[in-house]
Every structure is written in C-alpha cells, then in structure tokens.
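S.K.: There's a structure below that I have some questions on.
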Amino acid sequence: MSLWLALGVVLAVLCVLLVARPFLREPTPADDRLDAPEPEQAARIALEEERDRALGALKELEFDHRTGKVSDEDYRTMVGPLRRKAAETLRALERKPAERRGEKVRAAR
C-alpha cells in the first residue's frame, strides 16, 4: 500500500513540474528591439511633442495668472508668443496629412 502511495506522490510531483515548466523558464524573446520611426513619423512625433509643450505652457501660464502668481501685464506679454507657437504647431500637424494626400494623387497621375 505504501509503495502505491509513494508512486502516486512521485507521479503527482512529476505532473506538477511538467505543467509548471513553462512558467518556471526565463522568457527569451526573439527580438525585443523597437524599430526606429521613419523620417515622416519622427517629424510628426516631434510636432506632436512641440504641440504638447506649447499647450502645457499655456495651461500653466493660465493657471499661474488665475492664482495670482503672474500679473496681468506679464500674462499679456507671455500669452501671445505661446498662442502663436501652439497655433503654428497645430497648423503644421493639420497640413501634413493633406500634403501627403496631394502627393499620392499627383503620383497616381
């Protein structure tokens, strides 16, 4: 009887090890490197980052003005260039897809 019990325990341990084996191994990815963005994607990413910085600066300036950290005169001086920068960046982001569509149409002709 104890022989069958020992054989059952050994069989149970082997089954547990067999099932747990994939979880116990260290994963080895085939290739975990990221591809570098294409020049067009890199330019778009740079524009998006610039847009985010400009809008963030505007938001921070607005908050500082509302809380009294920035005077009305300083606010008027600083808000114009920030708005222009944000608007230029937004226009550049909107212009890119339209230019690409125009190039595809010209290439198809």
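The values are calculated or read from the model by the stated rules, or taken from the named source; none is laboratory data. Every value quoted in this text rests on a predicted model; they were computed, and no experiment measured them. Glycine gets a Cβ as well: all are built from the backbone with ideal geometry, and neighbour counts include every protein chain shown.
S.K.: If only one of 95, 44, 53 is modelled with pLDDT of 95 or more, on the phi < 0 side of the Ramachandran plot and not hydroxyl-bearing (Ser, Thr, Tyr), which one is it?
M.R.: Among 95, 44, 53, only 53 is modelled with pLDDT of 95 or more, on the phi < 0 side of the Ramachandran plot and not hydroxyl-bearing (Ser, Thr, Tyr).
S.K.: Further, regarding this structure: Out of 70, 9, I need the residue that is β-branched (Val, Ile, Thr) and over 30 Å from residue 87 (Cα atoms). Which one?
M.R.: Answer to the check: 9.
S.K.: A follow-up question, please. Just for the range 1-40: of the residues that are surrounded by 10 or more Cβ atoms within 10 Å (Cβ to Cβ) and within 30 Å of residue 95 (Cβ to Cβ), which one is nearest to the chain's Cα centre (by Cα)?
M.R.: Among those residues, the one meeting the criterion is 37.
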